[in-house]
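Have a look at the structure below before the remarks.
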């Protein structure tokens, strides 16, 4: 009796379905790991951005013996504003550009004219519309420029702070300096300085003014342009408030694009927030960076913003 050997040249339907199912499970297991690795890389780049900003601030301090202060109107406490003629509305971020290897850009800015000036080629306003990559967190989906309309750009983003042009996008920043525990705090409530970028009238701060110790005081942190209507990297509006804890804004606006023109980021929107899961990255005055959990005790967090309140001992946990 002869036996004829038979050979199969393909999978059966059942075998094919099993293979597809196995591949699907493997992809499902692998995808979160890939996404997690990508976010870890983006968070590291964000931390590096803050370190470079810290180094630039320190180099500025070495040169001028103080940290930069916004070239903007100062409040005398309780919303009493300084004379417009004394200020240009240009931010501390523009002042430190030479120390971020952005000398050519810095040299084009006319610091004697308002940020909304159209004088010159390029004008200050043209420069403000350009992106500035050192000031952008790669985890933030907002992009290099703001979106159009009142929802993303308020009428007082520039200085003088009325009828500011909004017909074209502006280059935005993720990184803001701390103004204090609130906004336009009266001097009767708290003496100057309330934070390292206290926007009230007062002299620029230096290392010697950080009585609590440079390791213990928060300097610069993240605020997503998605939730903040004063997001220009070049303009004066530095304020970041510790009125609420990190990522409080995500409990107000639960999805991207939800904010309306009426909800333009006042006062809760001034609080630190990021698209890093679980917290926000900060720069301390000593130039170090750390990730602060959104569950941090609010009192301890607020104390770590004030450079002269004598608390907290030891600062924020690493």
query: Looking only at region 260-288, which residues are in a loop (DSSP other than H, G, I, E, B), closer than 20 Å to residue 181 by Cβ and modelled with pLDDT under 90?
result: 265, 266, 267
task: Report whether or not residue 182 is in contact with a helix residue (DSSP H, G or I) (Cβ under 9 Å, 6 or more places away or on another chain), surrounded by fewer than 23 Cβ atoms within 10 Å (Cβ to Cβ) and under 23 Å from residue 285 (Cα atoms).
output: yes
field: Residues of region 210-222 satisfying the condition of being out of contact with any strand residue (DSSP E or B) (no Cβ under 8 Å at 6 or more places or on another chain), surrounded by fewer than 19 Cβ atoms within 10 Å (Cβ to Cβ) and closer than 22 Å to residue 272 by Cβ
entry: 213
statement: Of the residues in region 171-194, those that are in a loop (DSSP other than H, G, I, E, B), under 17 Å from residue 269 (Cβ atoms) and modelled with pLDDT of 85 or more come to 173, 174, 181
message: Take the conditions touching a strand residue (DSSP E or B) at 6+ places or on another chain (Cβ under 6 Å) and within 23 Å of residue 94 (Cα to Cα) and apply them to residue 143. Does it pass?
response: no
statement: Among (1) modelled with pLDDT under 95; (2) in contact with a helix residue (DSSP H, G or I) (Cβ under 9 Å, 6 or more places away or on another chain); (3) in a loop (DSSP other than H, G, I, E, B), residue 137 falls short only on (1)
Unique residue being without any contact (Cβ under 8 Å) to a residue 40 or more places away in the chain and either surrounded by 18 or more Cβ atoms within 10 Å (Cβ to Cβ) or more than 21 Å from the chain's Cα centre (by Cα) (or both) when the list is 148, 123, 139: 123
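The values are calculated or read from the model by the stated rules, or taken from the named source; none is laboratory data. It should be emphasised that the depicted structure is a prediction, and the values quoted were computed from it without experimental measurement. We place every Cβ from the backbone using ideal geometry, glycine too, and count neighbours over all the protein chains shown.
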